[in-house]
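Quick one: the structure is below, questions incoming.
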Amino acid sequence: MSRWLRLGLHVAGLVLLVGLLWYAGPAAWRQVLAGEWGAILVAFLLTGLANMLSASRLRLVSRSGNLSGSPPVAWRRYYHLTMVANALGLVLPRSLSTVGGKAVGLRSVGVPFKRAVALVFLDNAFDLALLGALVLPSLFFLRGRLASVAWSALLLLFVLGLGAAMAWLGSGRLAALAGWLAGRPGAGFLRRFEPERLAALFPGGRAAWPVYGLTVAINALLAVRFYYVAQAVALPYPWLLFLAAFPLTQLSLVLGGLGFFDASWYGVLLLAGVASQDALTFVVAQRAYVLLFILAWTAVSLLLSLTVRGGERGNGEQPVNPARRPADK
């Protein structure tokens with residue numbers, strides 16, 4: 001996107017957010033302030049666990065594929081840069097907070113910047129692939145066109161099928177596919193993302209399964225978190241509704257993030273038959289609670305990162321000084 005278009009989307013998102021928070025009225029805010037502490041605690045813990053798994057996935061992605069030259073880095077550093085990127089995402093567009101924030105964080109621990117950007121794109125590509133695959137069946141379920149049993153079966157089928165496709169692509173076929181797509185007429189937009197570089201970094205063979213498994217776990221935890229946010233403000237809706245709404249709302253972050261994400265929750269809940277005031281109360285609750293959760297876990301990540309010694313890298317490994325390597329025989 002152009003700079004002005006990004007700025008316009010960011011301003012539009014802010015206007016949407018302020019409008020929704022104002023339109024919700026004082027009743028919604030009272031429900032948020034009187035939230036049930038047990039459900040809030042569960043949502044808080046799910047947020048922390050999901051982001052810890054996200055840091056583990058980024059670390060695994062950065063050590064997979066054609067990355068033998070990357071320096072090993074302690075998990076606590078990955079966790080800190082993940083939480084800092086999430087904290088930035090509370091006020092900045094997604095392209096700056098997630099892509100830019102994580103890439104700069106990886107650069108600070110010794111990963112070359114171009115490789116860092118490619119790694120962050122690849123890390124997010126797993127989320128986009130999973131969420132994109134689940135959009136259509138989730139939409140049918142929310143509209144009442146699919147029963148819960150049929151939707152659950154489709155969900156399992158799509159998740160397993162996508163995992164098998166990831167493993168198949170990781171067997172060296174992705175590089176050939178990326179090269180073929182980049183050579184097609186009109187693929188200039190695709191070439192800007194350097195598909196060959198991304199394909200070279202893609203976890204090979206069986207290494208794709210742990211990364212994909214973490215992706216499924218991260219998104220499942222975050223989806224269930226929203227159910228407990230609703231429980232905290234006494235909204236009596238089933239957890240399957242929030243699980244189905246999750247892919248559609250998360251993909252709105254690609255468009256603009258702040259404001260668009262909140263508006264997408266409001267729209268999707270209305271689509272599923274939730275009362276307007278209940279949907280507005282949920283929008284206010286998820287914005288207020290998640291903001292506090294992210295700030296709290298970012299503080300925890302900062303404290304953990306301070307326990308990493310200056311020379312410590314990862315798994316007890318120390319950076320090697322090339323000048324002190326034994327001479328080749």
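The values are calculated or read from the model by the stated rules, or taken from the named source; none is laboratory data. This structure is a prediction, so every number in the text was calculated from the model and none was measured. Heads up, the Cβs are rebuilt from the backbone with ideal geometry, glycines too, and the neighbour counts pull from every protein chain shown. Quick note on the areas: whole protein, heavy atoms, side chains included, nothing else; ligands and nucleic acids left out. Shrake-Rupley method; radii C 1.70, N 1.55, O 1.52, S 1.80 Å.
Could you please find all residues in the range 121-130 being among the hydrophobic types (A, V, I, L, M, F, W, C) and either closer than 14 Å to L157 by Cα or touching a Ser or Thr at 6+ places or on another chain (Cβ under 7 Å) (or both)?
Selection gives F126, L130.
Please go through the range 207-240 and pick out each residue that is aromatic (F, W, Y), part of a helix (DSSP H, G or I) and more than 22 Å from F293 (Cα to Cα).
Listed by number, the residues that qualify are W209, Y212.
Please work out if L235 is out of contact with any Asp or Glu (no Cβ under 6 Å at 6 or more places or on another chain) and modelled with pLDDT of 80 or more.
Criteria not met by L235.
Here is a follow-up. Name every residue in the range 226-237 that is free of Cβ contacts under 8 Å to residues at least 60 places away in the same chain and either open to solvent by 70 Å² or more (accessible area, probe 1.4 Å) or hydroxyl-bearing (S, T, Y) (or both), in order of residue number. So that I can check it myself, show each step before the final result.
Initially, the range 226-237 is screened for residues free of Cβ contacts under 8 Å to residues at least 60 places away in the same chain, giving 227, 230, 235-237.
Once the filter is applied, which keeps residues that are free of Cβ contacts under 8 Å to residues at least 60 places away in the same chain and either open to solvent by 70 Å² or more (accessible area, probe 1.4 Å) or hydroxyl-bearing (S, T, Y) (or both), the range 226-237 yields Y227, P236, Y237.
Next question. Conditions first: (1) at pLDDT 90 or above; (2) surrounded by 13 or more Cβ atoms within 10 Å (Cβ to Cβ). A125 passes all but one, so which condition is the exception?
(1)
Scan the range 9-34 for residues that are more than 23 Å from the chain's Cα centre (by Cα) and of a type in the set (G, A, S) and jot them down.
G19, A24, G25, A27, A28, A34
Oh, and also: Is there any pair linking a residue in the range 100-120 that is hydroxyl-bearing (S, T, Y) to one that is open to solvent by 10 Å² or more (accessible area, probe 1.4 Å), with Cβ under 9 Å and at least six apart or on different chains, and which?
Here the result reads S108/R77; S108/L81, each pair linking the range 100-120 to a residue that is open to solvent by 10 Å² or more (accessible area, probe 1.4 Å).
Let me ask something else about it. Would you say L248 is open to solvent by less than 50 Å² (accessible area, probe 1.4 Å) and under 14 Å from the mean Cα position of the chain (by Cα)?
Criteria met by L248.
Take the range 105-121 and flag every residue that is over 14 Å from the mean Cα position of the chain (by Cα) and either modelled with pLDDT under 75 or buried (at least 18 other Cβ atoms within 10 Å of the Cβ) (or both).
Of all residues in the range 105-121, those over 14 Å from the mean Cα position of the chain (by Cα) come to 105-118.
Once the filter is applied, which keeps residues that are over 14 Å from the mean Cα position of the chain (by Cα) and either modelled with pLDDT under 75 or buried (at least 18 other Cβ atoms within 10 Å of the Cβ) (or both), the range 105-121 yields G105, L106, V109, G110, V111, R115, A116, V117, A118.
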